[in-house]
Every structure is written in structure tokens, then in C-alpha cells.
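Shown next, in C-alpha cells, is the structure this report addresses.
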2 protein chains.
Amino acid sequence: MSPIETAIKMTLDRWYGSVASLDKLLSVLSDEQLQKETATGKNRGIYLLGHLVAVHDDMLVLLEMGEKQHPELTEPFIKLADKVATELPTVAELRDFWTRQNQLLREKFDQLTPEQWFEKHTAVSAEDFAKQTYRNKLNIIISRTSHLEYHTGQIALLK
Amino acid sequence: MSPIETAIKMTLDRWYGSVASLDKLLSVLSDEQLQKETATGKNRGIYLLGHLVAVHDDMLVLLEMGEKQHPELTEPFIKLADKVATELPTVAELRDFWTRQNQLLREKFDQLTPEQWFEKHTAVSAEDFAKQTYRNKLNIIISRTSHLEYHTGQIALLK
């Protein structure tokens with residue numbers, strides 16, 4: 001395995017490890033627990049789960065892997081704060097979206113070559129990318145893993 | 001910049017970004033706020049800050065960058081749960097440790113060559129590393145960044 005292949009494996013393993021951590025946490029939290037606030041007056045578990053699904057849905061677009069599967073989640077879980085949207089999917093629906101999404105993302109990630117991971121993502125222009133080659137697809141995985149861990153730490157407080 | 005140098009920059013930039021996020025959060029949280037529980041019955045801010053300093057202190061050893069600066073923090077902030085140790089540093093002391101530690105880690109990180117980032121860390125044997133080349137120094141940064149984000153998400157609930 002070349003150093004570059006090793007670096008890609010390290011990044012993807014960390015992503016999959018973070019996904020597995022939240023999976024495990026969701027398996028011990030009931031739907032009722034996920035309806036609760038992570039701390040007094042703060043986001044509820046259901047909101048954070050929906051937020052993660054909505055943010056990860058956008059990775060498909062950023063990584064040129066297709067269209068969003070759940071464009072209807074952007075408004076209630078990214079644009080709006082918790083407890084603002086009048087209608088939300090159920091926790092059971094969000095659990096299902098989360099599981100299917102992780103399968104889809106894994107299939108898509110498996111198809112990328114090392115060279116493709118270092119190509120630009122769709123939110124950066126070709127001109128900017130020429131000077132900032134770190135704004136590549138692999139970096140989307142790095143930043144989204146951090147974001148996932150941040151909110152997993154909060155959801156863990158519902159245990 | 002070679003792909004490998006780009007990959008190292010991406011990983012270190014994410015680490016420094018996560019450190020900066022917690023710096024910013026600590027700058028708006030008072031010592032009194034950090035004495036509070038992140039959620040009812042859960043770890044206090046002071047414990048999580050001490051825990052992060054203690055865990056990052058061990059990075060010096062794992063990365064062959066010297067001895068721990070604060071070995072006395074391992075017991076109260078890693079081995080013991082919150083509210084068990086009878087004596088803890090003050091929040092002001094922990095803030096100072098955190099700031100100095102980040103300066104020291106940056107100086108040490110700056111000294112490593114790309115090749116050295118892909119050398120084995122000290123918690124893996126030479127035999128295991130021969131088969132598992134991903135157990136290198138850069139991977140310590142990746143895993144500790146995830147850990148830092150997880151607890152930063154919790155400390156953010158004190159705002």
C-alpha cells in the first residue's frame with residue numbers, strides 16, 4: 001500500500017469508525033430518549049440525527065456522487081433551528097434514512113480511485129483549486145467526520 | 001505540494017481548526033460555567049478540559065516528542081470519572097495548561113518531515129506496524145481530532 005493509499009484508508013476508516021459509534025449509540029437509545037433535549041434548552045436528539053442525515057446527504061453533491069436523497073430535510077434540519085419546523089419525520093424514519101444513507105455512501109466511496117479522492121469537490125472553483133489543492137474530496141470526509149463526532153458527543157448525553 | 005504533503009496538511013489543518021474551535025469556546029465560557037455539568041448528571045466542563053489536556057499530553061509520548069508535561073493529570077482526568085478525585089487543578093490552571101500545550105504541540109509537529117508522519121507511533125510494535133502501516137503518527141492526529149470534537153460538542157452545551 002502506497003503512502004497515499006494509506007492516508008486515504010486512515011481517513012475513511014476514521015469516518016466509518018465515527019459512523020459505527022453513532023450506530024452503536026442509536027442502538028441503545030429509544031425513540032423517546034431521542035425526543036429529549038441533549039441538555040436543558042438545547043437541541044433534541046431527533047434534531048441532531050436529522051441534521052446529520054441532511055448534512056451527509058449534501059456530501060453526495062459535494063463529491064459528485066449524485067443528487068440528494070432527502071432534499072426535504074435541508075429546511076427543517078439545516079436552515080431552521082430545532083423546534084421551529086412544524087412537521088418532522090419520525091425518529092423511526094430518520095433511523096432508516098441514516099442506515100440506508102451509510103450503505104449508499106459506502107458504495108459510492110468504494111468506487112473512487114486514490115486520484116479521484118484528490119480531485120476538487122464541487123463547492124470550489126477550478127481557479128481556486130489550482131492554488132488550494134487541499135480543497136479536494138478527501139477533505140470533505142475529514143471535515144464531515146469532525147462534524148459527526150461533535151454532534152455524537154452531544155447525542156451521547158442522552159444515555 | 002505533493003499529494004502526501006497535501007494529505008498531511010489537511011490532517012493538521014483539521015487538528016488546528018478543532019483546537020481553535022475549543023479556544024474560541026473557552027474564551028466565551030466563564031470559569032463558573034466550566035464548573036457546571038454539560039447535561040444533568042454528566043461530566044462537568046472542568047473535567048472535560050482536564051481530560052483533553054491529559055489525553056493530548058500523552059500524544060507527546062505516542063509521537064516520540066518527549067515526556068508528558070502533566071503526568072499528574074492522568075489519574076484524575078483519565079483513570080477516574082468526574083467528581084471522584086478529591087483535588088483538581090483550577091479552571092484557570094487548566095486554561096493555562098491547554099494554551100501552553102497547544103504551543104508546544106505545534107512546535108513539535110512543525111519539526112516532523114512527511115516521512116516521519118508515516119512512521120510508527122510508540123504504542124504499536126515493529127512487527128504489527130510492518131503489516132499495519134496505517135498505525136502511524138499521522139493517524140494519532142486523526143483519532144485525537146475526533147476525540148477533541150466529540151468533547152467540544154459537549155462543552156458547547158455550557159454556552
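The number of residues in the range A:102-113 that are part of a helix (DSSP H, G or I) and open to solvent by 40 Å² or more (accessible area, probe 1.4 Å) comes to 6. In the range B:120-158, the residue that is farthest from B:Ser27 (Cα to Cα) out of those that are charged (D, E, K, R) and open to solvent by less than 20 Å² (accessible area, probe 1.4 Å) is B:Lys137.
For A:Pro76, the conditions (1) more than 30 Å from B:Ile8 (Cβ to Cβ); (2) surrounded by 15 or more Cβ atoms within 10 Å (Cβ to Cβ); (3) within 11 Å of another protein chain (Cβ to nearest Cβ) all hold with the exception of (3). Need the failing condition index for B:Thr40 against (1) in contact with a helix residue (DSSP H, G or I) (Cβ under 7 Å, 6 or more places away or on another chain); (2) within 10 Å of chain A (Cβ to nearest Cβ); (3) of a type in the set (Val, Ile, Thr), just the number. For B:Thr40, the failing item is (1). The set of residues in the range A:5-23 that are facing another protein chain (nearest Cβ under 10 Å), touching a residue at least 60 places away in the same chain (Cβ under 8 Å) and open to solvent by 30 Å² or more (accessible area, probe 1.4 Å) comprises A:Glu5, A:Arg14, A:Ser21. Among the conditions (1) surrounded by 17 or more Cβ atoms within 10 Å (Cβ to Cβ); (2) part of a helix (DSSP H, G or I), the only one that A:Asp96 does not satisfy is (1). With respect to the stated conditions, A:Lys42 is over 20 Å from B:Lys137 (Cα atoms) and not in a helix (DSSP H, G or I).
The criterion of being hydrophobic (A, V, I, L, M, F, W, C), touching a helix residue (DSSP H, G or I) at 6+ places or on another chain (Cβ under 7 Å) and not in a helix (DSSP H, G or I) holds for A:Ala123. Residues that are open to solvent by 10 Å² or more (accessible area, probe 1.4 Å) and under 15 Å from A:Leu94 (Cβ atoms) within the range A:47-66 comprise A:Tyr47, A:His51, A:Val55, listed in sequence order. Reported count of residues in the range B:126-154, each being at the interface with another protein chain (Cβ under 9 Å from one of its Cβ atoms) and part of a helix (DSSP H, G or I), is 14. In the range A:119-143, the residues that are in contact (Cβ under 8 Å) with a residue 60 or more places away in the chain reach residues that are among the acidic types (Asp, Glu) with C-beta atoms within less than 9 angstrom, at least six apart or across chains, in these pairs: A:Thr122/A:Glu64; A:Lys137/A:Glu64; A:Lys137/A:Glu119; A:Ile142/B:Asp13.
The values are calculated or read from the model by the stated rules, or taken from the named source; none is laboratory data. Quantities reported herein were computed from a predicted structural model and do not represent experimental measurements. Cβ atoms come from the backbone with ideal geometry, glycine included; neighbour counts cover every protein chain shown. Accessible surface areas use protein heavy atoms only, side chains included; no ligands, DNA or RNA. Shrake-Rupley method; radii C 1.70, N 1.55, O 1.52, S 1.80 Å.
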